[in-house]
Amino acid sequence: MNDTAHMPIGIFDSGVGGLTVLRAVRERLPGESLLYLGDTARLPYGTKSAQTVAAYALAATRRLVSFGIKALLVADNTSSAHALDALRAEFPGLPVVGVVEPGAAAAAAASAHGRIVVAATESTVQAGIYPRAILHSRPNARVTQLACPLFVSMVEEGLVEGTIAEQIARHYLDASFSGDAAADCLLLGCTHFPPLAPLFARLLGPQVAVVDSATTTAMVIEDLLALRRLTNRSGRPGTIRYLATDDPERFARVSGVFVPWTLEAAEVETIDLG
């Protein structure tokens with residue numbers, strides 16, 4: 001095993017939502033060390049312009065690269081929509097994986113009749129990257145996009161069940177999942193949304209597949225590391241290091257919505273991206 005294989009996988013998101021992806025990678029690749037950066041000082045990315053998102057993503061990646069990483073996982077859907085080309089151009093030797101294409105492929109496979117709804121942030125919807133990616137895998141699919149900004153606030157406040165959460169979910173979803181042409185697949189196009197998956201499954205019923213890109217993305221990064229001979233085969237559990245650009249106390253507190261382990265504020269390092 002070469003020395004690079006011992007280096008961590010870098011993961012970045014606009015905040016804490018990307019911890020859903022970190023969790024999936026940790027479960028699938030327990031021997032890999034992970035370096036997570038949440039740009040909490042500048043969230044949400046979902047309301048920013050494409051140019052601004054790309055600039056933020058480049059700044060975050062430069063910092064992760066300065067620590068030493070062997071691959072980059074862009075856990076933020078908005079950055080995956082707007083910044084992957086710029087990241088790959090600036091870091092040509094670094095494997096870069098986003099969450100859009102794995103999620104789109106999973107939805108295309110899970111949908112019984114090709115009627116797919118993508119729930120995402122405004123910026124991701126405007127980019128239109130999910131319909132393009134889904135249609136690449138399933139050309140005859142009918143794809144509807146829904147901008148659901150309130151879901152982000154709900155999750156960060158822990159409102160993942162109950163009357164309020166149900167009313168907001170119905171507000172966004174009911175029209176697309178009713179009638180003769182009802183959709184049969186809901187793709188969660190934001191890393192904040194997976195904690196709401198049990199609520200969505202209950203409201204929409206077993207005839208609707210609810211797809212989270214985190215698990216599929218973890219499979220993609222596993223295959224990529226194996227292909228490039230970068231898998232850490234030391235046999236020891238990997239470490240996890242957390243970085244945030246603001247408010248480590250809130251980062252630690254909100255993390256409990258996304259991962260099943262307890263994170264203390266002292267474990268979150270505060271950094272400045274400039």
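Of the residues screened, LEU186 is one that is part of a strand (DSSP E or B) and outside the structural domain of PHE251 (by TED's automatic domain parsing).
Taking (1) within 21 Å of LEU72 (Cβ to Cβ); (2) touching a Pro at 6+ places or on another chain (Cβ under 8 Å); (3) in a loop (DSSP other than H, G, I, E, B) in turn, LEU273 satisfies each apart from (2).
Residues in segment 88-142 that are touching an Asp or Glu at 6+ places or on another chain (Cβ under 6 Å) and closer than 22 Å to ALA175 by Cβ were compared, and the one that is surrounded by the most Cβ atoms within 10 Å (Cβ to Cβ) is SER111. The set of residues from segment 83-113 being more than 18 Å from the chain's Cα centre (by Cα), without any contact (Cβ under 8 Å) to a residue 60 or more places away in the chain and outside the structural domain of TYR45 (by TED's automatic domain parsing) comprises just one member, ALA109. Only one entry in LEU225, LEU273 is of a type outside the set (Val, Ile, Thr) and at pLDDT below 95, namely LEU273.
Is one or more of the residues making up segment 243-256 polar (S, T, N, Q), in contact with a Ser or Thr (Cβ under 8 Å, 6 or more places away or on another chain) and not assigned by TED's automatic domain parsing to the domain that holds GLY10? Can you show your working first?
Residues of segment 243-256 polar (S, T, N, Q): 245, 255.
Narrowing the set further to residues that are in contact with a Ser or Thr (Cβ under 8 Å, 6 or more places away or on another chain) leaves 245.
With the extra rule that they be not assigned by TED's automatic domain parsing to the domain that holds GLY10, the set shrinks to none.
The answer is no; no qualifying residue exists.
Taking VAL16 as the residue in question, decide whether it is assigned to a helix (DSSP H, G or I) and under 11 Å from the mean Cα position of the chain (by Cα). Here the answer is no, as VAL16 does not meet what is asked.
The sole residue among LEU37, LEU58, LEU64, LEU43 that is assigned to a strand (DSSP E or B) and assigned by TED's automatic domain parsing to the domain that holds ARG241 is LEU37.
The values are calculated or read from the model by the stated rules, or taken from the named source; none is laboratory data. Nothing here was measured: the structure is a model prediction, and the numbers come from that model. Note that each Cβ is placed from the backbone with ideal geometry, even for glycine, and that neighbours are counted across all protein chains shown.
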